[in-house]
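The values are calculated or read from the model by the stated rules, or taken from the named source; none is laboratory data. Since the structure is predicted, the reported quantities are computational estimates derived from the model, not experimental observations. Cβ placement follows ideal geometry from the backbone for every residue including glycine, while neighbour counts extend to all protein chains displayed. Ligands, DNA and RNA are stripped out before the accessible areas are found, and what is left, the full protein with its side chains, is counted by its heavy atoms. Shrake-Rupley method; radii C 1.70, N 1.55, O 1.52, S 1.80 Å.
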Amino acid sequence: MAFSTRNSSTTTKHTAKRVAIGAAAIALTLVVAGCSSGKASSTDGASKTLTIDKAFDLKTADPGRMYEPTGQLVDKALYETLLTFKGGDVSKVVDGVASLDESSDAKTFTLTLNGTHTFSDGTEMTADDVVFSLQRVIGLKGNPSFLLAGVTVTKKDAKTVILTTKTATPALPSILANPALGILNSKVVKANGGATDSSDTAERYLNAHSAGSGPYVLDSLNLSSKVVLTANKKYDGEQPGYGRVVIQNVEGATQKINVQGGSADVALDLSGTQAAGLGSSVDVTSDPSANVIFLLLNQSSKVSKITSNPDFVKAVKEAIDYDDLVSIAGTGTAQAAGVVPSMFLGALGEGDALKQDLAASKSDLAKSGYNGEKITLNFPSDITLNGIEFPTIAQRLQSQLKTAGITVDLAPAPVATELDAYRNGTETVGLWYWGPDYPDPSDYLVFTPGNVVGLRAGWAAGADPAISKLADAAAVGGSNDERQTQFEDLQKALNDDGPFIPLLQPGNNIAAASDVTGVVYNAVWTIDIAALRSK
């Protein structure tokens, strides 16, 4: 992604998107007779209401057009996917509604429906529904269409679908777990304007009715204020723990008040500071998010003869006090050991993370010929990521580098302004973050020479043949063990010789009333609503 994530708890004053929304979002408020607001008092789980506070970035509930964190949360409850993840473990896929047979060259993926799966109207899911759903995502050319770029979808028989790609695509199984690729009831969607090209007009229907086989169905939707779900009585799996779920649009500070006061059961967008001191009636789940905050040092001598010097890059890496950065970032935050987040396949262990060594930094600084020149640190001034403000990190880095003898000028700018400089590769030193497009290490090959983020650091193709060779090997794929080794080797080389400095994985903090169980952070859909239970 350009700089931000679509699948984590992120608050920004400005959100950049890879692809423009395929259709204008339609705000609908649908009130169903007999539904009451607030929390039910019954001890029967099927009749209890769960209230979730979430800062909305909701554009649509239509899977073919949805690719925002709130949409992921909602559609995970409404639709089932071919493959999925168990709990918070996104390092390997498990069967969803289908089982997978993958070719050794990662170009052919055979998916067979495993048993009977029933849509909310009682219709049985078939391969026709799978083909329609995936081809619709491709044909709409909406936000999630890039997930299936270069993928051909064909039906083999009533239970089997084959996906093929011209090049090795080892990330595809992880991609298929995304709620944007949820399987739709093709007959119902087609009857309400659905198509596999730009003629599709089913979004209005899908913002008023769900057409999936998930544990919940859509009861009502207001894109700016509230989503209400009710249990799907036709669901083939274990019935969810709550009969009704209300997801309401609330900012972080108010979320804390609500979960403390009992007017909300779950709060999804608390900063590390807000998550502290909530009391014994609230349990907090804190984990590093999948976002990685990093520095880039431009390798183009036309931009800077100083930052393009490898000894200077080493000196900066050795000057940073990573533990100090973690301490100011708050609960749940961890140092980023590499560019691949800690919960993904291919992540480095803590022992491989960069470490401060001021003596080595001063030695390398002397080798570089640096003589006190001012170095500009560019960063977006109006981004707050998981409660961490970028100006705070920039100021701390300026202070730390000063201790090592490096003079830094801070150059904050609104993200709308600074984003162009970042994308055009003209920043001297840049402070940004990468949020995953999908939970697979292939998404981080962009940090290599000649690729998207590499070019933003002035790191052209051929700049480091050894690292490019490692990247090429990692792109081909293999077994999980082979891929783990490939991406570890690549990231170790990046840490040693690359122009990027992984800094932090900001904390993701989820607060829930102590009588709510099953709260597990997932880097794609935040939490699985259907997994929540009442004690």
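Rolling a 1.4 angstrom probe over the chain with all protein chains present gives an accessible area of which 49% lies on carbon and sulfur atoms. Here the peptides 400-406, 72-78 are ranked by packing, the mean other Cβ count within 10 Å, and the order with the highest first is 72-78, 400-406. If you count the DSSP beta bridges with both ends in the chain, what percent of them are antiparallel, to the nearest 5? Just about 80 percent of them are antiparallel. A simple packing score, the average count of other Cβ atoms within 10 Å per residue, orders the peptides 89-98, 352-361, 134-143 as 134-143, 89-98, 352-361, with the highest score first. Ranked by the mean number of other Cβ atoms within 10 Å per residue, highest first, peptides 381-389, 180-188, 119-127 order as 180-188, 381-389, 119-127. Size descriptors for the chain: radius of gyration and Dmax over Cα atoms are 23.6, 75 Å.
Taking all protein chains into account, the per residue accessible area for the chain stands at 37 Å² (1.4 Å probe). Toward the positive end of the charge dipole of the chain, with +1 on the Cβ of Lys and Arg and -1 on the Cβ of Asp and Glu, the farthest Cα among 46, 61, 349 is that of 61.
Rounded to the nearest 10 Å², what accessible area does residue 104 show when all protein chains are kept and the probe is 1.4 Å? Around 130 Å² of this residue is reachable by solvent. Give the shape of segment 98-174 as rounded, prolate or oblate, defined through the alpha-carbon gyration tensor: a ≥ b ≥ c are the square roots of its eigenvalues, a/c under 1.5 means rounded, and otherwise the shape is prolate if a/b is larger than b/c and oblate if not. Oblate, because a/c is 1.5 or more while a/b does not exceed b/c. Rolling a 1.4 Å probe over the protein heavy atoms leaves residue 459 with an accessible area of roughly 10 Å². For segment 424-469, the relative contact order comes to 33 percent (Cα pairs under 8 Å, sequence separation of at least 6). Helix 480-497 and the longest principal axis of the C-alpha atoms of the chain enclose an angle of approximately 30°. For residue 110, neighbours were defined as the other residues whose beta-carbon sits under 10 Å from its Cβ, and their charges (Lys and Arg +1, Asp and Glu -1) total -1. Couplings 3J(HN,Hα) for segment 455-463, derived from phi with the Karplus relation 6.51 cos²θ - 1.76 cosθ + 1.60 (θ = phi - 60°), are 5, 5, 9, x, 9, 7, 4, x, 5 Hz, where x marks Gly and Pro. With contacts taken as Cα pairs under 8 Å at a separation of at least 6 residues, the chain carries a relative contact order of 22 percent.
Seen against the Cα atoms of the chain and their longest principal axis, helix 390-403 is set at about 20 degrees. Rounded to the nearest 500, the helix-only mean residue ellipticity at 222 nm of the chain stands at -7500 deg cm²/dmol, with each DSSP H run of n ≥ 4 adding -39,500 (n - 2.57). By a 1.4 Å probe calculation restricted to protein chains, residue 155 has an accessible surface near 100 Å², given to the nearest 10. All other residues with a Cβ under 14 Å from the Cβ of residue 234 taken together, and with Lys, Arg as +1 and Asp, Glu as -1, what is their net charge? With Lys, Arg at +1 and Asp, Glu at -1, the net is -4. Would you please classify the overall shape of segment 42-96 from the alpha carbon gyration tensor, given that a ≥ b ≥ c denote the square roots of the eigenvalues, rounded means a/c under 1.5, and beyond that prolate means a/b larger than b/c while oblate covers the rest? Here segment 42-96 falls in the oblate category. Taking the chain as the reference, fit the longest principal axis to its C-alpha atoms, fit the long axis of helix 358-368 to the helix C-alpha atoms, and give the angle between the two in degrees, 0 to 90, nearest 10. Approximately 70 degrees, to the nearest 10.
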